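The values are calculated or read from the model by the stated rules, or taken from the named source; none is laboratory data. Bear in mind the structure is a predicted one, so any value in this text is a computation, not a measurement. Backbone-built Cβ (ideal geometry, glycine too); neighbour counts: all protein chains shown. Protein only, heavy atoms only, side chains kept; ligands, DNA and RNA dropped before computing areas. Shrake-Rupley method; radii C 1.70, N 1.55, O 1.52, S 1.80 Å.
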Amino acid sequence: MATLTISCTSEGKESESQEAILVEVLTASTSMSAGVQQFPGRVASDNEANLSTIVMGTVTSVPVKVGKQVNKGEVLVRIKDDQILAQKSQLEANMVQAKANLENTEKNYNRIKNLYAEESATSKEMDDISTMYEIAKANMEALEARLHELNEMLAYTTIRAPFDGIVARKFVSEGDMAAPGHPLVAVADPSSMKITANVPEQWIEDIKEGEKVWVNVESASLESLPATLTAVSEAGDPMSRQFAIEAKLDESAGTEGLKTGMFAQIAIQVDGSNALFIPKKALVERGQLTGIYTLNDEDKAMLRWVRTGESYADSVEVISGLKDGEQFVADATTSIRQGQQLQTQ
């Protein structure tokens with residue numbers, strides 16, 4: 001009798017200690033949801049320039065490092081310019097002589113022109129001086145064009161930052177040979193980011209410029225960043241049969257920690273299908289298992305394992321483990337135990 005009394009008293013106290021928890025309960029329902037496909041891509045600057053030169057020469061200096069902040073006009077690369085300067089000096093000397101010749105020829109041309117008007121010079125004399133004058137002008141113009149070309153080449157021996165940004169990549173070091181068209185250094189503006197990716201041809205018809213998409217960058221711990229498709233290529237790569245796309249992150253997206261070159265994924269709605277989505281906060285993680293709390297007939301919490309699919313913003317697709325019409329706890333972040341009495345709101 002004493003043992004039975006103690007047992008009953010103990011059960012009563014345990015029952016009283018398990019007070020019901022107030023929770024929000026949702027009813028699972030499938031609906032026609034847009035299918036979501038994720039395409040691998042990378043983070044890039046919306047304003048990035050690969051700088052090269054038009055001259056052949058030895059790189060004498062690269063006074064910047066990758067990742068360094070640079071200002072517009074700052075020197076990034078210097079190329080040996082001795083030969084170009086020597087050519088310019090020789091050209092300028094030739095121009096002095098050519099200018100003097102042109103001035104003298106122009107005086108003779110004007111003199112004979114006046115004499116010819118007074119019928120004091122022959123037609124041959126006029127033709128000869130006219131030819132000499134045109135040749136002198138053409139020679140001077142050619143020298144001036146060559147000087148402009150040399151000045152342009154000299155400008156390309158000093159590569160400067162075209163805008164404020166960071167040095168994204170360096171392709172040469174001091175002592176390397178710079179060649180026309182080959183990149184020397186890349187500068188990117190980190191204040192404006194975009195995501196580039198390639199889409200297989202099977203999905204390209206479902207993707208339109210201006211659509212809303214979501215971006216995941218795992219290395220920066222960024223998930224479901226809102227973005228907009230700003231470019232969808234009309235011409236695919238004939239080898240890979242993929243089409244290039246670009247997405248611009250919305251101004252509201254938090255981009256802290258985002259860096260150019262990071263691996264990213266673009267999640268895009270591509271087709272319609274029946275799917276069951278629940279809030280991500282309803283999930284319970286136990287190691288590699290994922291579950292949710294459902295309710296039994298007595299409104300007690302029952303942990304049930306489920307298999308999830310694609311994530312979409314703040315929701316996740318449940319592939320199996322939950323059926324249409326079943327109730328589940330909307331927020332499992334509160335302290336809930338298996339078998340605990342629940343009070344729905």
message: Just the number please: accessible area per residue for the range 302-342, 1.4 Å probe, all protein chains included, in Å².
response: 56 Å²
task: Towards the positive end of the charge dipole of the chain, with charges on Cβ (+1 Lys, Arg; -1 Asp, Glu), say which of Val232, Tyr116, Ser61 has the farthest Cα.
output: Ser61
query: Are any of the pairs Lys80/Lys248; Lys259/Lys323; Lys170/Lys248 more than 31 Å apart by Cα-Cα distance, and if so, which?
result: Lys80/Lys248; Lys259/Lys323
message: Among the listed pairs Lys68/Lys208; Lys212/Lys281; Lys194/Lys280, which have their C-alpha atoms separated by more than 29 angstrom in this model?
response: Lys68/Lys208
- request: Could you name the lysines whose alpha carbon sits less than 21 Å from that of Lys124, not counting residues in the same chain fewer than 8 places away?
  value: Lys107, Lys113, Lys137
field: Segment Glu218-Asp46, extension gain: residue separation times 0.36 nm, minus the distance between their alpha carbons
entry: 59.9 nm
field: Full-stretch length increase - Asp250, Ile135 - with 0.36 nm per residue and alpha-carbon distance subtracted
entry: 35.2 nm
- prompt: Which value, in debye to the nearest 20, gives the size of the charge dipole of the range 203-283 about its Cα centre, when Lys and Arg are +1 and Asp and Glu are -1 at the Cβ?
  reply: 280 debye
task: Note down the magnitude of the dipole of the chain about its Cα centre, charges +1 on Lys and Arg C-beta and -1 on Asp and Glu C-beta and zero elsewhere, to the nearest 20 debye.
output: 1000 debye
statement: Between Lys208 and Ala117, the two model label points (7 Å from Cα along the beta-carbon direction) sit apart by a distance in nm of 7.3 nm
statement: Expected field for Lys259, accessible surface area in Å² at 1.4 Å probe radius, rounded to 10, holds 130 Å²
query: Based solely on its DSSP helices, what 222 nm [θ] is calculated for the chain when runs of n ≥ 4 H residues each add -39,500 (n - 2.57) and the sum is averaged over all residues, nearest 500 deg cm²/dmol?
result: -9000 deg cm²/dmol
- request: Among [x] 1.29; [y] 1.01; [z] 1.88, find the value of Cα Rg over 2.2 N^0.38 Å that was calculated from the structure presented, and write down its label.
  value: [z]
query: What whole-number value in Å² describes the accessible area per residue of the range 129-286 for a 1.4 Å probe?
result: 54 Å²
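Summarise the accessible area of the chain (1.4 Å probe, protein heavy atoms) by the percent that is carbon and sulfur.
Carbon-and-sulfur percentage of accessible area, whole number: 48.
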- request: Would you mind checking which residues have amide H under 5 Å from Met262's amide H? H placed 1.01 Å from N; only 5 or more apart, or other chain.
  value: Val43
- line: Between the modelled labels at Met56 and Lys99 (7 Å from Cα along Cα→Cβ) the distance in nm is 3.2 nm
